1. So which of Thr342, Thr366 is in contact with an Asp or Glu (Cβ under 6 Å, 6 or more places away or on another chain) and in a helix (DSSP H, G or I)?
2. Which ones in the range 143-164 are open to solvent by 10 Å² or more (accessible area, probe 1.4 Å) and among the aliphatic types (A, V, I, L, M)?
3. Please go through the range 30-44 and pick out each residue that is open to solvent by less than 60 Å² (accessible area, probe 1.4 Å) and either assigned to a helix (DSSP H, G or I) or not small (Gly, Ala, Ser) (or both).
4. Report whether or not Thr294 is among the β-branched types (Val, Ile, Thr) and either closer than 30 Å to Ser214 by Cα or surrounded by fewer than 21 Cβ atoms within 10 Å (Cβ to Cβ) (or both).
5. Are any residues in the range 203-219 within 24 Å of the chain's Cα centre (by Cα), among the aliphatic types (A, V, I, L, M) and surrounded by 17 or more Cβ atoms within 10 Å (Cβ to Cβ), and if so, which ones?
6. Only residues that are assigned to a helix (DSSP H, G or I), surrounded by fewer than 20 Cβ atoms within 10 Å (Cβ to Cβ) and in contact with a Pro (Cβ under 8 Å, 6 or more places away or on another chain): list them for the range 113-142, please.
7. So which residues in the range 252-276 are under 14 Å from Ser227 (Cα atoms) and at pLDDT 90 or above, if there are any at all?
Amino acid sequence: MNANTRLGAVLSREPVRLAGLFLAARLVLFMALPLEGLRGYGDFVHFFRLAGMGRPFIDYWVEFPPVFPHLSALLYLLASGQQHVFDQLHALIMTLFQAGEVAVFTHLIYRVFPEPDAQKRAWIYFSLLLVLAYGWWYFDPLASFLMLLGMYWALEDRRLHASIALGLGALTKLFPLLALPALWRLRPGRSALQITLASLGLTACVYGALWLASPEMTRASLISQGSKGSWETVWALIDGNLNTGNFGPESERNNPALAAQPRGNPARFPAWATLPVFAAIGGWFFWKVRINNTRQLFAFLGITWCVFLLWTPGWSPQWVLYLLPVLLIALPLKEALLFSLTLISINLLEWPVLLSRGFDWGLWMTVPVRTLLFMLMIWEYWKILKHSEQP
């Protein structure tokens, strides 16, 4: 059996095998957890209450893009308004998306590294996702899966598929659109333009339809994030906002005027004022890099993520889920594992260990360390872009 045949055989079974094993192991974990253990420190109660308020973007405004609120409303109907059933359905759906992530990640990693190294990275990713409760406490696995899937399909030059994945990702959280600059460096010209226009067009069409159905609540939903203020970042420390990024009680969502109500202390350095600086930094990297392979593509995606996270006024600990596959695809194994474990530890220390107990002072410890890690990650990604050869 030659090398190409062997690789094809591995890729035909390994992603499915690992995804199936992940699903089985997670279900065993769920069966061993009491309901309160499953809920943990997640947002189950918040999601359930929102889902019971009617039609999102029509009957009430919501701080999330439309895909997850509508999925939650469907789960609420399937659960017949019973919260314990809703919680279990939510955890199961997020587990299915994470199993999909494992499969897509395995496809990618075997194309980047030789089999022994690829196998190690696939099992490390498998293990980290399996035990990290952020994967079922929130809905970020849906967006991170769509980001990874969009990147994979773009590499396969399946433009329509990539556009749909990234467009749906943007309708879940805007983060998957951070993949677009990397795709422009990989496939400049017509291919990148088609994916960009199609994914943005899908996003605009869905929001447009919601606007026609309920302009008041759709507008309130769109502007709500801008009123959120700063949280869990250096900017939040400067502003004196020692809090999480949560909004007020769900009852506020019935009043569109409250979507624009400022939360926390006002920004001393507004995001619009710092945007030109960080856009210039991102633009410098964009024009300097040349992407020749999958590993460099993810290294540039990693830089894009880190520059964005240094600029944005907020950070939520579950966002580490977007960074883990990028680290494990782009960086040498030791560095990738060190960054992954350190980021996970810092975020778990921040939430739930410290903030859930009211220890807001802990942000003065976790936020600077995480910010330093983002800077170090940029440097490591840059070294890959400058020196990496085709594996």
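The values are calculated or read from the model by the stated rules, or taken from the named source; none is laboratory data. Since the model is a prediction, treat every value here as computed from it, not as a measurement. Note that each Cβ is placed from the backbone with ideal geometry, even for glycine, and that neighbours are counted across all protein chains shown. Quick note on the areas: whole protein, heavy atoms, side chains included, nothing else; ligands and nucleic acids left out. Shrake-Rupley method; radii C 1.70, N 1.55, O 1.52, S 1.80 Å.
1. That would be Thr366, the only listed residue that is in contact with an Asp or Glu (Cβ under 6 Å, 6 or more places away or on another chain) and in a helix (DSSP H, G or I).
2. Matches in the range 143-164: Leu146, Leu149, Leu155, Leu160, Ile164.
3. Phe30, Leu33, Leu35, Gly37, Leu38, Arg39, Asp43, Phe44
4. For Thr294, the condition - among the β-branched types (Val, Ile, Thr) and either closer than 30 Å to Ser214 by Cα or surrounded by fewer than 21 Cβ atoms within 10 Å (Cβ to Cβ) (or both) - is not met.
5. Hits for the range 203-219 are Val206, Leu210.
6. none
7. Glu252, Arg253, Pro256, Ala257, Leu258, Ala259, Asn265, Pro266, Ala267, Pro270, Ala271, Trp272
Yes/no per residue for (1) modelled with pLDDT under 95; (2) not charged (D, E, K, R):
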residue: Leu11; (1), (2): yes, yes
residue: Val28; (1), (2): no, yes
residue: Arg49; (1), (2): no, no
residue: Gly52; (1), (2): no, yes
residue: Phe57; (1), (2): no, yes
residue: Trp61; (1), (2): no, yes
residue: Ser72; (1), (2): no, yes
residue: Gly81; (1), (2): no, yes
